[in-house]
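Step one of this worksheet: look at the structure below.
The values are calculated or read from the model by the stated rules, or taken from the named source; none is laboratory data. In this text the structure is predicted, and so the values were computed from the model without any measurement. For neighbour counting, all protein chains shown are included, and Cβ atoms are generated from backbone atoms with ideal geometry for every residue, glycine included.
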Amino acid sequence: MSADFDGKVVLVTGAGSGIGREAARLFAERGAHVFAADLNLDGLEETRDISAAGKIEIFGVDVSSEEQVRAFLARIEKDAGRLDAAFNNAGITGGTYRIEDYPIEDFDRVLTVNLRSVFLGMKYELPLIAKTGAGAITNTASVAALTGPGGMSAYAASKHGIHGLTRVVAMENASRNIRVNALAPGWTETPMVVSNSAQNPAFADLARKAIPAKRGGQPRELAEVAVWLSSPAASYVFGQMIVVDGGMTIGGFEL
Ligand code: NAD
């Protein structure tokens, strides 16, 4: 096992479940001191308890609240004095409606939780990473940052927004060796997706058939890429969105 993160301090949001949980575990296994944040405290405790190796500290944080994000970063600075990598990953899907029917308050909520949170995260992470000397930020977007999934206008808008924010902040920080990138998962079998699939097996079957790899991704397969993007192995990757989707967005035909 590599120990790329020995002595490093890493922040992970949405660490109480799915991709964020696996990323927190992997960072810790590779030596990092992980500051794990989520709204779901039970989920966070499970993340901490199933991690055999490394140090994971857990914090109840609403990533859409400026006050809470600022306090979280102040706590990391006070306790650890540095920040080497941040994985801004918490997110929600929102409901599925045609735009004419989309409730405006639901649209605002998805944009606030998914996009404002990434803006706030980077705003308060960057000064501490800069003080540390160098580092990496990875934001979780989605294949919906590249496509137009019907019924998901708020989600797709938020994820397209994360792609744009990532590029801008990458440009603003590349010369001081802070790398900012995005991860775009495809259909990933996190608890939410697994329970939706159980409720709607016909849809799940259709989705799997539409993926060239003929299966959903496992949270660990996404977390591996997030950890790689944060590691020295990705030292020349700046401002990119890495798509990890079993080929879902290839867009060709199988012969
Ligand atoms: P998940 O529901 O398992 O995990 C998301 C976590 O974010 C949850 O623990 C939830 O409590 C937390 N969260 C939600 N709102 C929050 C808030 N305001 N403050 C703090 N924490 C909050 O889902 P996941 O699939 O692991 O999702 C992780 C990221 O991956 C999300 O940004 C999601 O949009 C993205 N994504 C997932 C898929 C997929 O198929 N699972 C596909 C594309 C993109």
* Tell me which of these L111 doesn't satisfy, since it passes every other one: (1) in contact (Cβ under 8 Å) with a residue 40 or more places away in the chain; (2) touching a strand residue (DSSP E or B) at 6+ places or on another chain (Cβ under 9 Å). => (2)
* Answer with yes or no whether D245 is at pLDDT below 95 and either under 18 Å from H163 (Cα atoms) or surrounded by fewer than 17 Cβ atoms within 10 Å (Cβ to Cβ) (or both). => no
* Asked: A154 passes all but one of (1) more than 14 Å from the ligand (Cβ to nearest atom); (2) buried (at least 21 other Cβ atoms within 10 Å of the Cβ); (3) small (G, A, S); which number fails?
  -> (1)
* So which of T147, T112 ends up being farther than 17 Å from L229 by Cα, assigned to a helix (DSSP H, G or I) and either within 13 Å of the ligand (Cβ to nearest atom) or of a type in the set (G, A, S) (or both)? -> T112
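Does L229 count as closer than 24 Å to F119 by Cα, in contact with a Ser or Thr (Cβ under 7 Å, 6 or more places away or on another chain) and assigned to a helix (DSSP H, G or I)? I'd like the intermediate steps shown before the answer.
On the way: closer than 24 Å to F119 by Cα: yes; in contact with a Ser or Thr (Cβ under 7 Å, 6 or more places away or on another chain): yes; assigned to a helix (DSSP H, G or I): yes.
Taking the combined requirement at face value, the residue satisfies it.
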* Those residues of segment 160-212 which are within 14 Å of the ligand (Cβ to nearest atom), touching a residue at least 60 places away in the same chain (Cβ under 8 Å), under 23 Å from A85 (Cα atoms) and assigned to a helix (DSSP H, G or I), in sequence order -> H163, T166
* Asked: Which of the residues belonging to segment 27-72 are touching a residue at least 60 places away in the same chain (Cβ under 8 Å) and out of contact with any strand residue (DSSP E or B) (no Cβ under 8 Å at 6 or more places or on another chain)?
  -> R30
* Which of the residues that make up segment 52-71 are touching a Gly at 6+ places or on another chain (Cβ under 9 Å) and hydrophobic (A, V, I, L, M, F, W, C)? -> A53, I58, V63, V69
* Looking only at residues in segment 202-242 that are within 20 Å of N181 (Cα to Cα) and aromatic (F, W, Y), which one is surrounded by the fewest Cβ atoms within 10 Å (Cβ to Cβ)? -> Y236
* Asked: Only one of these conditions is not met by I76: (1) of a type in the set (V, I, T); (2) assigned to a loop (DSSP other than H, G, I, E, B); (3) out of contact with any Gly (no Cβ under 9 Å at 6 or more places or on another chain). Which number is it?
  -> (2)
* So which residues in segment 17-34 are closer than 13 Å to G7 by Cα and either assigned to a helix (DSSP H, G or I) or in contact with a helix residue (DSSP H, G or I) (Cβ under 8 Å, 6 or more places away or on another chain) (or both), if there are any at all? -> F27, A28, E29, R30, H33, V34
* Structure fact -> Given (1) surrounded by fewer than 23 Cβ atoms within 10 Å (Cβ to Cβ); (2) touching a residue at least 12 places away in the same chain (Cβ under 8 Å), A90 misses just (1)
* Asked: Cβ-Cβ below 6 Å, separation at least six or inter-chain, first residue in segment 224-245 and without any contact (Cβ under 8 Å) to a residue 24 or more places away in the chain, second of a type in the set (A, V, I, L, M): which pairs?
  -> W228/A234
